Structures are given as structure tokens and as C-alpha cells.
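Student: Encoded as C-alpha cells, here's the structure I'll be asking about.
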Amino acid sequence: MDKKEQIRFFDKLYNVRIRTSSLKDELPTEIQQHSYLSFEAEKNTICEKAKILIDNFIDVNKEQISEQLGIQAIENLATLLTPYEVLFFKNGKYAILFQTKWSESDMCILCDGANLKVDEGYILEFEY
């Protein structure tokens, strides 16, 4: 599965790619389909809840971010992050991936039901 959709972050609409962690010609599993439907029903709520976690992530990493970007203060998160993909795993979890202006590593929101975790993209290595 690979398609485009819009999500709203920081009061701005972004076009993101929707895809599954399946092989090229493999259809999404029933779990992935259910996960996608949950995302569709809850995406606005998830994006709102994630803002707080993103703020915390930025705050914890603000020194590194400021050094990389050569700025003293981080004022507008929307200029630092760009969501580009929502990836649905076979285990039912999904992740919203962001390109960051301060690092080659992506940042992501990993969603497991009502649990959200924000971190660098490496946390997705063991998802399937």
C-alpha cells in the first residue's frame, strides 16, 4: 500500500505518504488495515497529543539542535520539522516520520494504541 494523504501539524496541512511495511507485491495485513482505520479516525487527536511530546523532545535536545542550526532560541517548531510519511507495521503499530532541519536522522512518533512515543527514527529498527 502506498498513497498520499494530508495531515495537520502545527496548524499547517502536509501531504504525507501512507505505506505499509509489506513487501512490494504483498497486500496489507488485516492488522495493518485496522491500524490504518484507527489512524484515520484518530489522526487529528494523535497529532494534537503529539505536539506536547514533540515540544518535550525538542526541549531535551535543544542544545544539540541549536548547535546544529546555529541559532540561540527555538521559537517555531513548524519550521524545524516536516512530516512526510505514515508507516504501518505488521504488529499493528504505526509511525509518523518527520524530516528534521538539525539532523540526518528522522524524528518519529511511534503509535501503539493510545501510547505515543517521540524519538529519533532509530526506534523503528525493531518494528515489523
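Student: Of Lys117, Lys51, which residue is over 16 Å from Arg19 (Cβ atoms), without any contact (Cβ under 8 Å) to a residue 60 or more places away in the chain and among the charged types (D, E, K, R)? I'd like the intermediate steps shown before the answer.
Tutor: Working: Lys117 fails: without any contact (Cβ under 8 Å) to a residue 60 or more places away in the chain.
Answer to the check: Lys51.
Student: Restricting the search to segment 34-72, which residues are among the hydroxyl-bearing types (Ser, Thr, Tyr) and either within 28 Å of Phe88 (Cα to Cα) or open to solvent by 90 Å² or more (accessible area, probe 1.4 Å) (or both)? Quick ask: steps written out before the conclusion?
Tutor: We begin by selecting, within segment 34-72, every residue among the hydroxyl-bearing types (Ser, Thr, Tyr); these are 35-36, 38, 45, 66.
Selection gives Ser35, Tyr36, Ser38, Thr45.
Student: Taking the criterion of being over 21 Å from Gln6 (Cα atoms), modelled with pLDDT of 80 or more, open to solvent by 20 Å² or more (accessible area, probe 1.4 Å) and acidic (Asp, Glu), would at least one residue in segment 75-84 satisfy it?
Tutor: no
Student: Taking segment 86-128 only, how many residues are at pLDDT 85 or above, in a loop (DSSP other than H, G, I, E, B) and in contact with a Lys or Arg (Cβ under 7 Å, 6 or more places away or on another chain)?
Tutor: 0
Student: Right, here's the next one. Quick one: would you say Asp59 is assigned to a helix (DSSP H, G or I), closer than 20 Å to Tyr122 by Cα and without any contact (Cβ under 8 Å) to a residue 12 or more places away in the chain? Walk me through it before giving the result.
Tutor: Numbers: assigned to a helix (DSSP H, G or I): yes; closer than 20 Å to Tyr122 by Cα: yes; without any contact (Cβ under 8 Å) to a residue 12 or more places away in the chain: yes.
Yes: the conditions hold for Asp59.
Student: Just to verify a result, which residue in segment 1-33, among those that are open to solvent by 90 Å² or more (accessible area, probe 1.4 Å) and among the basic types (Lys, Arg), is farthest from Pro83 (Cα to Cα)?
Tutor: My answer is Lys24.
Student: Identify all residues within segment 41-58 that are among the basic types (Lys, Arg) and closer than 11 Å to Leu116 by Cβ; write none if there are none. Spell out how you get there, then give the answer.
Tutor: Narrowing segment 41-58 to residues among the basic types (Lys, Arg): 43, 49, 51.
Correct list: Lys49, Lys51.
The values are calculated or read from the model by the stated rules, or taken from the named source; none is laboratory data. Fair warning: this is a prediction, and the values are worked out from it, not measured in the lab. A quick note on method: Cβ atoms are made from the backbone with ideal geometry, for glycine too, and the neighbour counts reach across all protein chains shown. When the accessible area is computed, the model is the full protein with side chains, heavy atoms only, and any ligands, DNA or RNA have been set aside. Shrake-Rupley method; radii C 1.70, N 1.55, O 1.52, S 1.80 Å.
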